[in-house]
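Working notes, structure below.
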Amino acid sequence: MSCFRLENVSYRYDKALVLNGVDLRLESGEILGLFGHNGAGKTTTIKLILGLMTPSQGRVSVLGGEAGDPHVTQHIGYLPENVMFYPQLTGREILNHFARLKGAPLRQVPELLEQVGLGDAMNARVKTYSKGMRQRLGLAQALLGKPKLLMLDEPTVGLDPVATADLYRLLRKLRDEGTGIVLCSHVLPGVEPYIDRAAILTDGALKAVGDLSALRRQANMPVTLSIEP
Ligand code: ATP
């Protein structure tokens with residue numbers, strides 16, 4: 001099943017064309033890396049898939065429906081960059097709150113906190129969490145309700161190498177269970193061993209999309225490709 005499909009999508013903020021004729025798709029059970037420099041249009045693409053904005057041109061379909069339809073959005077997990085939580089609440093209280101908002105069963109909360117490595121810290125206030133622990137809490141939030149489509153913006157920022165490896169192991173497991181996953185990043189090195197396909201955005205246009213071996217054969221890549229995993 002298709003997780004999302006963007007067909008000839010453009011988006012304008014006032015007069016600025018920030019996405020220009022983008023064609024992009026993600027299938028279930030696939031990890032897509034979405035790469036590009038600051039301002040390339042990654043977050044705009046994510047917001048269009050979430051249905052927070054409508055395209056100026058083109059079509060966005062998500063999980064067999066329209067982007068923004070609540071029946072569709074409830075199956076999407078999203079971890080934004082620099083996620084913020086109320087510092088006075090515990091990790092468990094925060095996740096309980098998001099579970100209620102999403103209509104996800106509360107019993108998932110301790111399971112997810114264990115899964116992301118916060119089992120021992122779930123009853124501590126978030127103000128005592130390190131950056132990496134906050135990032136893991138953000139990931140647990142995104143995983144509530146067992147999303148069919150998971151979109152993560154720079155998910156490894158603040159994570160040490162062990163936690164990063166744990167995260168990718170978890171993402172591969174979810175991928176193998178059928179979840180479609182988008183990983184946004186500024187840089188390809190470090191991420192490439194974990195993705196199935198890559199899409200490279202430059203100034204709002206898709207410069208390249210495909211599996212990594214095909215991309216490596218293309219010249220003039222806007223993002224440095226490290227060949228060795
Ligand atoms: P980053 O890696 O820095 O998060 P990005 O690839 O996610 O960047 P976007 O946030 O999608 O890029 O931004 C694409 C372009 O749209 C940029 O030129 C940005 O300045 C512009 N832009 C983003 N949000 C707005 C807004 N609310 N109003 C006007 N322009 C905006």
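The values are calculated or read from the model by the stated rules, or taken from the named source; none is laboratory data. Just so you know, these numbers come straight off a predicted model, no measurement behind them. Neighbour counts are summed over all protein chains in view; Cβ atoms, including those assigned to glycine, are modelled from backbone coordinates with ideal geometry. Only protein heavy atoms, including side chains, enter the accessible area calculation; ligands, DNA and RNA are left aside. Shrake-Rupley method; radii C 1.70, N 1.55, O 1.52, S 1.80 Å.
When you restrict to C-alpha pairs under 8 Å that are six or more residues apart and normalise by the size of the chain, the relative contact order lands at 28 percent.
Would you please classify the overall shape of the stretch 74-185 from the alpha carbon gyration tensor, given that a ≥ b ≥ c denote the square roots of the eigenvalues, rounded means a/c under 1.5, and beyond that prolate means a/b larger than b/c while oblate covers the rest? All intermediate terms of the calculation are to be shown ahead of the outcome.
On the way: a/c = 1.57, a/b = 1.15, b/c = 1.36.
In terms of gyration-tensor shape, oblate.
For R125, the solvent-accessible surface computed with a 1.4 Å probe is close to 120 Å², ligands and nucleic acids excluded.
Converting phi to 3J(HN,Hα) with the Karplus coefficients 6.51, -1.76 and 1.60 and the offset θ = phi - 60°, the stretch 132-148 yields x, 5, 5, 5, 5, 5, x, 5, 4, 4, 5, 8, 4, x, 6, x, 7 Hz in sequence order, with x at every glycine or proline. Of the residues L215, L149, L188, the one that moves most in a GNM of the chain with alpha-carbon contacts below 10 Å is L215.
With every protein chain kept in place and ligands, DNA and RNA left out, what is the accessible area per residue of the stretch 99-196? Probe 1.4 Å, answer in Å².
45
At the residue level, D166 shows approximately 70 square angstrom of accessible surface with a 1.4 angstrom probe and all protein chains present. Looking at the chain alone, DSSP beta bridges between its own residues are antiparallel in about 55 percent of cases.
When the Cα positions of G117, Q88, S56 are compared along the charge dipole of the stretch 34-156, Q88 comes out farthest toward the positive end, with charges on each C-beta of Lys, Arg, Asp and Glu.
Using 0.36 nm times the number of residues separating N82 and K173, minus their current alpha carbon distance, what extension gain do you get? The partial results should precede the final answer.
Details: separation 91, 0.36 × 91 = 32.76 nm, distance 2.45 nm.
Computed gain between N82 and K173 is 30.3 nm.
Only protein atoms count toward the accessible area here, which uses a 1.4 Å probe; on the stretch 1-155, the carbon and sulfur part of that area reaches 50 percent.
Ignoring GluC sites (Glu not before Pro) that are buried or in helix or strand per DSSP, and keeping those with at most 16 other beta carbon atoms within 10 Å, what is the longest stretch of the chain between them? Could the numbers behind the result be given before it?
Numbers: sites that count: E81, E177.
Here the longest segment lacking exposed loop sites spans 82-176.
Close amide-amide hydrogen proximity is noted between E27 and C3, each under 5 Å apart and 5 or more residues distant or on a separate chain (H modeled in the peptide plane; Pro and chain starts excluded).
Counting only protein heavy atoms and a 1.4 Å probe, the stretch 1-79 has 46 square angstrom of accessible area per residue. Given R0 = 41 Å, the distance between the Cβ atoms of H97 and S213 translates into a calculated FRET efficiency of 0.40.
So what's the back-of-envelope 222 nm ellipticity for the chain, counting only DSSP H runs of four-plus at -39500 (n - 2.57) apiece and dividing by all residues, rounded to 500?
Details: 7 runs with 67 residues, N = 229.
Dividing the helical sum by the residues of the chain leaves -8500 deg cm²/dmol.
About its Cα centre, the chain has a charge dipole of approximately 360 debye under the convention of +1 per Lys or Arg Cβ and -1 per Asp or Glu Cβ, with nothing else charged.
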